[in-house]
1. Can you list the chymotrypsin sites (Phe, Trp or Tyr not before Pro) in the stretch 144-247 that are in a DSSP coil and have 12 or fewer other beta carbons within 10 angstrom?
2. Given contacts defined as C-alpha pairs under 8 Å and at least six residues apart, what's the relative contact order of the chain, whole-number percent?
3. Looking at the stretch 101-171, which trypsin sites (Lys or Arg not before Pro) are in a loop (DSSP not H, G, I, E or B) and have at most 13 other Cβ atoms within 10 Å?
4. If we restrict to alpha carbons, what Rg and Dmax does the chain come to, in Å?
5. If you average 1/r over all unlike Cα pairs in the stretch 205-312 and invert the result, what Kirkwood radius do you get in angstrom?
6. So what J values fall out for the stretch 102-114 if you push phi through Karplus, 6.51 cos²θ - 1.76 cosθ + 1.60 with θ = phi - 60°, rounded to Hz, Gly and Pro as x?
7. For the chain, give the percent of accessible area contributed by carbon and sulfur heavy atoms, probe 1.4 Å, rounded to a whole number.
8. Over the stretch 1-103, give the accessible area per residue in Å² for a 1.4 Å probe, as an integer.
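The values are calculated or read from the model by the stated rules, or taken from the named source; none is laboratory data. Remember, it's a predicted structure, so these values are computed and weren't measured experimentally. When we count neighbours, we look across all protein chains shown, and the Cβ atoms used for this are built from the backbone with ideal geometry, even at glycine. Note: areas computed on protein heavy atoms with side chains; ligands, DNA, RNA excluded. Shrake-Rupley method; radii C 1.70, N 1.55, O 1.52, S 1.80 Å.
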Amino acid sequence: MKYTKVAGIQVSGMSLGTVQLGMDYGIANAGGKPDLSQSFSMIAAALDGGVTSLDTARAYGDAEEVLGAFFKEYTGEKPFLTTKIPRFELESDAQIEKYIIDSVETSLEKLGVSKVNCVMLHHPANLYKHGDVTAKHMESLVRRRYTDLIGASVYTAEEVEQMLRYPVYTATQVPMSVFDQRMIVSGTLAALEQRGIATFVRSVFLQGLFFLEPDSLTDPLLLKYAKPQIQQLRAFAEDESLSIAQLAIAFIRDVPGVTSLVLGVDTKEQVKANLAYFDVPPIREKTRHLMETAFADVNIPEIMRVLSRPKS
């Protein structure tokens with residue numbers, strides 16, 4: 001696994017995403033939220049396997065509390081911690097300042113730490129309205145020594161451009177996958193790399209969509225916009241003698257400018273499997289080019305309409 005130095009810490013190419021530890025999440029997750037013992041075993045397996053980066057958020061149910069409980073018993077070196085401030089709709093400078101400070105102080109208390117390594121805005125809307133005020137108070141988190149880096153979790157290249165208007169932001173989290181190459185094609189990832197922005201990539205497996213049986217899909221949107229693509233992805237994996245997961249990780253892992261892939265898990269076994277996926281060799285250039293062409297026009301917004309629905 002590769003490591004990239006960020007804020008003085010060697011950040012692993014895989015970051016453990018913790019949304020599944022705090023709430024039911026993912027279209028392919030049939031087991032639901034794990035109990036505390038299961039969560040602890042997943043975190044420990046990741047850290048023991050060389051993961052040095054954990055990703056969480058106030059909005060991830062009780063994920064921060066789970067991590068805090070784990071750290072009370074953990075005696076090893078603390079990993080690179082990222083958390084996120086929930087979306088807010090406030091008007092005054094004082095209200096925004098209070099919300100940002102209170103949110104991070106709450107996260108620190110739940111995590112049982114005096115400082116995290118990165119704090120991000122969880123919703124890009126807060127980069128726009130009162131963006132100057134928000135950037136000012138986000139920057140104050142560094143002066144208060146609550147964090148080393150500040151940034152924003154975004155969805156589109158346009159939102160990255162908005163973030164880059166404010167030099168105080170030095171980290172971001174973006175969606176990217178074999179099906180979703182918008183950040184690459186637009187040149188956004190290259191711009192982030194040029195600016196030295198730490199770039200964490202989420203949705204590498206599209207919330208588990210890649211692992212669904214194509215013939216089992218019933219949703220009309222997935223039948224139209226995902227089934228043919230999943231079938232094609234399986235063919236590419238077979239040609240490369242890789243599993244779907246290995247192919248999906250290798251494709252994004254080797255894109256210049258990517259700092260770490262944020263992967264959520266449902267079991268300890270998945271943690272170990274994900275770690276092993278990072279050891280696969282690079283995809284052949286011919287196959288990579290074919291994949292770039294084949295999945296250039298996947299309708300991600302329509303797929304996300306399905307994936308973002310509340311689980312029933």
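1. Answer in residue order: no site qualifies.
2. Worked out over the chain, it gives 20 percent.
3. LYS129, ARG144, ARG145, ARG165
4. Here Rg and the maximum Cα pair distance are 18.9, 58 Å.
5. About 15.0 Å for the stretch 205-312.
6. Those phi angles translate into 4, 4, 5, 5, 5, 4, 4, 5, 5, 6, x, 10, 8 Hz.
7. 51 percent
8. Computed with neighbouring chains in place, this is 43 Å² per residue.
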